[in-house]
Each structure stands twice: as structure tokens, then as C-alpha cells.
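Every read-out reported here was derived from the displayed coordinates using simple, explicitly stated rules and does not represent laboratory data. Since the structure is predicted, the reported quantities are computational estimates derived from the model, not experimental observations. All Cβ positions, glycine included, derive from the backbone under ideal geometry; neighbour counts span all protein chains shown.
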Amino acid sequence: MGTETKSSQELQALLDAAVDGVVVIDHRGSIQSFNRSAERLFGHAAHEIIGRNVSVLMGKEDGIAHDGYLQRYVTTRVAHIIGKGREVNAMRKDGSVFPAFLSVGAVAGEDPPRFVGIIHDITASRRADEESHRLQDRLMHVSRLATVGEMASGVAHELNQPLAAIATYAHACDRLLALPDPEIGEVQTALREIAAQALRAGDIIQKLRSLARAEESPRAPADINSVITELTDLIQSNAKAHGVQYRQELAPNLPTINIDRAQIQQVVLNLVRNALEALALGQVDARELVVRTRATPSADVEVSICDNGPGVDESLKYRIFDPFCSTKPAGTGLGLPISRTIVQTHGGALDYRPNQPTGACFVVILPATRTN
């Protein structure tokens with residue numbers, strides 16, 4: 001008896017020395033041992049929790065599921081959570097719930113079996129992850145606003161066209177109505193044109209608002225060609241402002257992709273803006289920017305944004321996706337890393353390759369929607 005008592009005391013000392021909560025239960029889920037870390041973690045004293053079902057330490061759904069896992073193991077000896085770890089919602093004595101990582105092991109050589117659960121509080125790491133996501137979202141939003149802001153000249157040009165047309169048709173209406181015998185049909189035609197141009201201006205503004213909005217839009221199946229075509233007017237205007245010839249080469253019948261439309265448009269605009277700025281610095285007679293789409297050999301979707309400018313310096317090509325690496329005096333060096341992050345969260349890849357015979361080419365690969 002003395003040896004057994006000593007072993008039991010040593011075991012309890014080991015349990016109490018553990019940083020994480022340790023709970024021993026029998027095959028019915030009844031708590032048999034509760035170490036000091038578990039007392040601190042859950043707010044229960046050992047003497048008041050021993051003998052109660054372990055589900056009292058979990059949220060309702062996790063508690064019910066845990067009882068089911070134990071019963072299945074006792075009946076079949078097939079492990080579902082034994083020897084594995086999973087995240088659960090744990091519950092303190094005061095009813096507050098916190099995220100925890102639970103590892104469960106079976107005590108060897110016992111029948112009916114007993115189980116040891118190790119509970120690690122992951123509240124701090126969960127908060128850190130959430131804060132990291134919030135910071136990433138803010139950076140993406142700032143980048144999106146910067147993209148639209150830096151393309152303001154093209155935006156102004158694009159809006160100026162329908163506004164100028166509205167003014168022209170309005171003056172025409174004024175002259176027509178001032179005639180002794182005004183032609184009402186011509187006035188009506190001019191008014192319809194005014195309405196059409198106003199709708200066009202409104203559509204441009206709506207697209208800009210969509211690009212600049214802070215919140216993410218839900219991911220949905222999309223055709224990459226239509227995603228790029230929606231940007232044509234904006235890109236074309238900025239290309240003209242930089243003296244660049246812009247063209248699209250969009251392959252037909254491409255696979256559908258599941259994307260956040262605004263985020264992928266932000267990536268395309270970031271890469272287009274970089275290309276236009278690079279072309280402005282290069283000594284090129286006929287500046288050219290090409291956006292292409294095609295299906296990859298693995299049946300995914302590829303978008304490439306290529307220019308015939310000076311290309312990326314050899315010393316920088318392995319660092320261009322690092323945060324704060326920028327070749328522009330006033331650049332933040334965040335556009336490319338944020339773009340790569342967006343693409344990677346879509347399960348894709350963003351890489352650089354030299355264009356031939358000169359220039360830069362940034363390639364986006366997006367996975368096609370797979371049907372089971």
C-alpha cells in the first residue's frame with residue numbers, strides 16, 4: 001500500500017506540475033483526476049468536479065460529440081479522437097466559453113479504459129490570428145484605395161467623356177427649343193442621349209466604389225474574361241494618359257473560377273499600374289501593355305500582365321514580392337506582396353518572369369472550379 005500511495009502522490013505531483021490542464025476520465029466520461037492547471041483554467045476546484053461528467057467542461061455541442069466519441073471507442077476500439085488533437089469550445093465554471101486545443105490518450109492496459117485529456121488554452125493565439133487577419137484586411141483596403149487613387153487621372157478622363165456629352169446634348173436641346181418651330185423628335189433624341197450618358201457616368205462611379213469598398217464580397221463562380229473586361233475602360237484611359245498602347249488577348253471558353261471578384265480586380269489593377277509606371281521610366285519608342293488569359297496545361301486559369309519596358313533589375317527579381325521592397329521613390333512596396341497574398345488565399349500563385357525580348361511579365365494562376 002505504501003508503494004502504491006507513493007506512486008499515486010508522484011503521479012499527482014507530475015500532473016500538478018503540468019502547464020496545461022490535465023483531466024483523467026473513465027469510460028463513462030466521469031472525471032477521476034483534475035490537476036491544478038485545470039483548476040486555474042476552468043475555475044473548478046478538484047474536489048467539486050471529480051465524479052462529474054467531463055461534458056460540464058465543454059460547450060453543449062462539443063460535450064455531446066465527446067460523449068459519442070468515447071462510447072464509440074469503448075464499443076469498437078476504433079479511435080476517432082484518441083491520440084489526436086482537435087479544437088473545442090471549453091466552458092469555465094462561470095459559464096464563459098474559451099477556445100482550447102484538446103488532446104486525448106487512452107491509459108494502456110486498462111479495461112474498461114480510462115482516458116487522459118490535455119487542454120491547452122488557445123485564446124491568445126486565436127486573438128493574435130484574428131488581429132493578423134484584421135491587419136491584413138486593413139492593408140488590403142489601403143492598397144485598394146491607393147490603386148484607385150493613383151489611377152485618378154484615368155478615372156477623371158473616363159468620367160469627363162459622358163459629362164462632356166451631357167453638356168453638349170443639353171446645349172443642343174436649349175438651341176432646338178429656342179427655334180420658332182422646334183423639332184420635338186430631335187429634342188427627345190438629345191434627351192435620351194443625356195439619360196444614356198448619365199447612366200454611363202453612374203456605372204463608372206459604381207465600379208470605382210466596388211473596387212474601393214472595404215468589405216470583401218462573397219466568393220462566387222466567375223469568368224475571368226468578364227472580370228478583366230469590366231476594367232477595360234479604366235485601364236484604357238490610364239494607358240492613354242501614359243502614352244501606352246493597351247490590348248487584351250482573352251482566350252475563349254476558359255474554366256470557371258471561384259473568386260472574390262473585387263479582390264482579383266484589385267490584383268490586376270495593381271499589376272497594370274506597376275507596368276504603366278515601369279513603361280514611363282523606360283526608353284521605349286512604342287510602349288505596349290498586354291493582358292492575356294489562357295488555360296494552363298493542368299486546366300487552371302492563367303492571367304498574364306506583360307509590358308515591353310525595362311523589366312525588373314536582376315538584383316531585385318528575387319525580392320520584389322518582399323514587403324517594402326520598391327523601386328519607386330514614393331512607393332510603399334506593399335502592392336506586390338498584398339497581391340500575392342490575395343492570389344494565394346484563392347489557392348493560386350503570382351510569379352514574375354522576364355518578357356521577351358524585353359520587359360516584365362507577371363503571371364497569376366487561379367484554380368478552376370472542380371466538379372466532383
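Tell me, what is the FRET efficiency for Asp94 and Thr345 to the nearest 0.05, using R0 = 51 angstrom and their Cβ-Cβ distance as r?
Using R0 = 51 Å, I get an efficiency of 0.85.
Got a sec to turn the phi values of segment 226-239 into Karplus ³J(HN,Hα) couplings, 6.51 cos²θ - 1.76 cosθ + 1.60 with θ = phi - 60°, whole Hz, x for Gly and Pro?
For segment 226-239, the Karplus curve yields 5, 4, 6, 4, 4, 9, 4, 4, 5, 5, 4, 5, 5, 4 Hz.
How would you rank 244-254, 36-46, highest first, on the average number of other Cβ atoms within 10 Å across their residues?
36-46, 244-254
How far apart, in nm, are two points set 7 Å out from the Cα along the Cα-to-Cβ line at Arg86 and at Leu159?
It works out to 5.4 nm between the two label points.
Could you work out how much longer the chain between Thr296 and Arg127 gets when fully extended? Use 0.36 nm per residue separation minus the Cα distance between them, nm to one decimal.
Additional length available on full extension: 56.9 nm.
Between Asp20 and Glu183, what is the spin-label point distance in nm, taking each point 7 Å from the Cα along the Cα→C-beta axis?
Using points 7 Å along Cα→Cβ, the separation is 8.5 nm.
Go through 101-107, 294-300 and give me the packing order, highest mean Cβ count within 10 Å leading.
The most tightly packed comes first, giving 101-107, 294-300.
Of the listed peptides 109-116, 286-293, 229-236, what is their order by residue-averaged count of other C-beta atoms within 10 Å, with the highest listed first?
My ranking of the peptides, most packed first, is 286-293, 229-236, 109-116.
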